[in-house]
Structure formats: structure tokens, C-alpha cells
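See structure below.
What follows is calculated from the coordinates using simple rules that are stated; it is not laboratory data. Everything quoted here is computed from the prediction, not taken from an experiment. Here the Cβ positions follow ideal geometry from the backbone for every residue, glycine too, while neighbour counts run over all protein chains shown.
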Amino acid sequence: MELDTAIASSLSQSRVVIEQLMDAIGVSGFGEGELFGIKLSLEEAFANAIKHGNRFDPEKQVHIQARITPGHLEITVRDEGDGYCPDCVADPTAPCNLEHPGGRGLLLIRAYMDEVIHSDEGRSVRMIKTAATSTQ
């Protein structure tokens with residue numbers, strides 16, 4: 001499956017695209033645990049783009065590109081915001097940050113995806129995942 005689309009900065013619209021992606025990913029050879037992590041990563045990437053990138057601006061869109069093949073996926077989520085430095089986000093596991101909500105989404109995406117590539121001054125995140133051989 002290949003997808004190249006854009007949606008408004010709306011969490012409800014993002015849920016529709018995530019379900020469409022998960023339908024394709026669900027039959028692509030990923031295990032149950034991998035599917036959980038992929039869905040969580042997608043939810044976090046879309047939420048970050050909508051909330052932090054586009055700041056819920058109805059004039060801005062979230063752009064999605066996806067390529068899903070048996071046992072492999074590459075999904076890019078790009079917002080139209082001001083950008084940011086992903087490496088400058090505070091570590092949410094540091095004792096001084098445990099009470100602060102920032103950075104948890106990035107931590108989860110990095111934990112569940114095999115490769116996470118930020119580009120376009122932080123406006124774009126490319127997530128890559130290959131199914132574990134034990135689940136195929």
C-alpha cells in the first residue's frame with residue numbers, strides 16, 4: 001500500500017488515517033506487540049504534528065506519506081509549523097522531568113520504531129519498522 005495525502009490539523013481526521021494505515025499494516029506480517037507499538041507511534045506522531053507543529057491551526061495541514069509492504073513500513077508525518085530541534089527535547093525519564101509531560105511522545109516513537117529520522121527543521125518525522133522474523 002502506498003499513501004500520499006494531507007489532512008486538516010484535526011485529531012479526528014488523524015484517527016481516520018491511522019485506522020486506514022493500521023488496516024494495511026495489520027495484514028503485513030507484524031506481530032501483536034509490534035502492531036501496538038506502531039499504532040502508538042502513529043498516534044504520537046500525528047498528535048505532535050497537530051498540537052505542537054500546527055498548533056491546531058485550521059489553515060495548516062498534516063502531510064502523510066506511507067509505503068507498507070509485507071514485513072516493512074515507512075511512514076512520514078510532516079506538519080506546516082515553525083519546526084523545532086528534536087535533539088533539544090528534554091529527556092522525560094530524567095528525575096527532574098518526571099513531572100513534566102513533554103518529550104514522552106518522541107520517547108515512545110523512538111522506542112517502538114527501528115529508525116526515526118527528523119528533517120525539515122523538525123517538521124517531518126520518518127518512521128521505519130521491519131517485522132521481527134519471529135512474527136512472520
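When Rg and Dmax are taken over the Cα atoms of the stretch 2-135, they come to 14.6, 44 Å. Over every Cα atom in the stretch 1-64, the radius of gyration and the widest Cα-Cα span, Dmax, amount to 12.3, 38 Å. Across the stretch 91-106, coupling constants 3J(HN,Hα) worked out from phi with the 6.51/-1.76/1.60 Karplus curve, θ = phi - 60°, read 5, x, 8, 5, x, 6, 10, 4, 8, 9, x, x, x, 5, x, 4 Hz, and Gly and Pro carry x.
So which lysines pass the test for LYS51, namely a Cα distance under 17 Å, with those fewer than 8 places away in the same chain ruled out? Answer for LYS51, where 17 Å is the Cα cut-off: LYS60, listed by chain and number. With both labels modelled 7 Å from their Cα along Cα-to-Cβ, the CYS96 to ALA8 distance reads 4.2 nm.
The helix-based estimate of mean residue ellipticity at 222 nm for the chain, built from -39,500 (n - 2.57) per DSSP H run of four or more residues and divided by its residue count, is -9500 deg cm²/dmol to the nearest 500. Taking the Cα-to-Cβ direction at GLU59 and at ASP120 and moving 7 Å from each Cα, how far apart do the two end points lie in nm? Modelled inter-label distance: 1.8 nm. Using a 4.7 Å Cβ-Cβ cutoff, the cysteines of the chain lacking any partner cysteine are CYS96. Sites listed here are trypsin sites (Lys or Arg not before Pro) in the stretch 1-108 whose DSSP assignment is loop and whose Cβ has at most 15 other Cβ atoms within 10 Å: ARG55. Cross-link partners for LYS39 among the aspartates and glutamates, with Cα-Cα distance under 12 Å and sequence neighbours closer than 8 places in the same chain left out: GLU19, ASP23.
Take every Cα pair under 8 Å in the stretch 2-135 that's 6+ residues apart, average their separations, divide by the length, and report that relative contact order as a whole percent. Mind showing how you got there, number by number?
Details: 237 pairs, mean separation 38.8, N = 134.
Value for the stretch 2-135: 29 percent.
In the chain, the sites counted are GluC sites (Glu not before Pro) in DSSP loop states with at most 11 other Cβ atoms within 10 Å, and the longest stretch holding none of them, exclusive of the sites, is 1-58. Treating r as the C-beta distance of ARG15 and ALA132 and R0 as 35 Å, the FRET efficiency rounds to 0.85. Using the Karplus relation 6.51 cos²θ - 1.76 cosθ + 1.60 with θ = phi - 60°, the per-residue 3J(HN,Hα) values for the stretch 38-55 come to 5, 4, 4, 5, 4, 4, 5, 5, 5, 4, 4, 5, 6, 7, 8, x, 8, 6 Hz, with x marking Gly and Pro.
What is the gain in length, in nm to one decimal, between ASP82 and ALA24 on full extension, counting 0.36 nm per residue of separation less the C-alpha to C-alpha distance?
Once the chain is fully extended between ASP82 and ALA24, it gains 17.7 nm.
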